[in-house]
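The values are calculated or read from the model by the stated rules, or taken from the named source; none is laboratory data. What you see is a predicted model, and the numbers here were worked out from it, not measured in a lab. As a convention, Cβ positions derive from the backbone with ideal geometry for all residues, glycine included, and neighbour counts pool all protein chains shown.
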Amino acid sequence: MFISLGLGDWVQINLEFDTFYKNGIALVRLGKHGEAVASFDKALEINPNNMKTLSKKGIALARLGKLEEAVVCFDMALEINPKHMNTLYNKGLLLYLLDRCEEAVASFDKALEINPNDFDILSNKDLVLAKLNQKKNHIYLEMNEN
């Protein structure tokens with residue numbers, strides 16, 4: 001079955017999407033992250049493949065402490081646009097917080113391919129590498145203690 005949408009229908013759908021998306025952004029700025037997620041979900045019902053909405057929803061979820069769910073949103077956004085630097089960076093930060101350091105480094109590396117001189121990405125990658133090195137040294141010390 002084929003449903004024909006006229007220009008008026010398309011404009012209405014686009015306006016509804018825009019309203020939910022912009023409302024979600026405003027709610028994030030107000031610190032109302034749960035309400036922002038709900039608003040982004042409504043926008044995604046209209047346009048499920050909107051990369052920016054998925055990324056913004058990931059940010060709201062992260063601020064709610066739902067880090068794993070946020071990473072899933074970032075992954076979905078990156079399937080649509082694998083070179084979105086901010087999403088790669090945000091994903092790297094969350095992976096670091098989840099103690100998934102190797103994955104965090106990989107995400108930061110992808111972001112650095114896009115902007116190799118970004119101070120924040122370079123700094124956070126260095127922190128993750130230091131943590132990885134510390135873990136390796138700790139394992140080595142434990143092995144030598146016995």
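The table below gives the values:
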item	result
Number of the condition not met by GLU145 [criteria: (1) surrounded by 11 or more Cβ atoms within 10 Å (Cβ to Cβ); (2) modelled with pLDDT under 95]	(1)
Residue in the stretch 125-137 that is part of a helix (DSSP H, G or I), of a type outside the set (Phe, Trp, Tyr), within 26 Å of ASN14 (Cβ to Cβ) and not assigned by TED's automatic domain parsing to the domain that holds GLY34 present	no
Flag for TYR96 being surrounded by 22 or more Cβ atoms within 10 Å (Cβ to Cβ), in contact with a helix residue (DSSP H, G or I) (Cβ under 8 Å, 6 or more places away or on another chain) and at pLDDT 95 or above	no
Meets criteria (over 14 Å from the mean Cα position of the chain (by Cα), at pLDDT 95 or above and either outside any helix (DSSP H, G or I) or in the same structural domain as LEU67 (by TED's automatic domain parsing) (or both)) for PRO116	yes
Helices (runs of 4 or more DSSP H) within the stretch 9-81 that include 1 or more residues farther than 22 Å from GLU103 by Cβ	33-46, 51-63
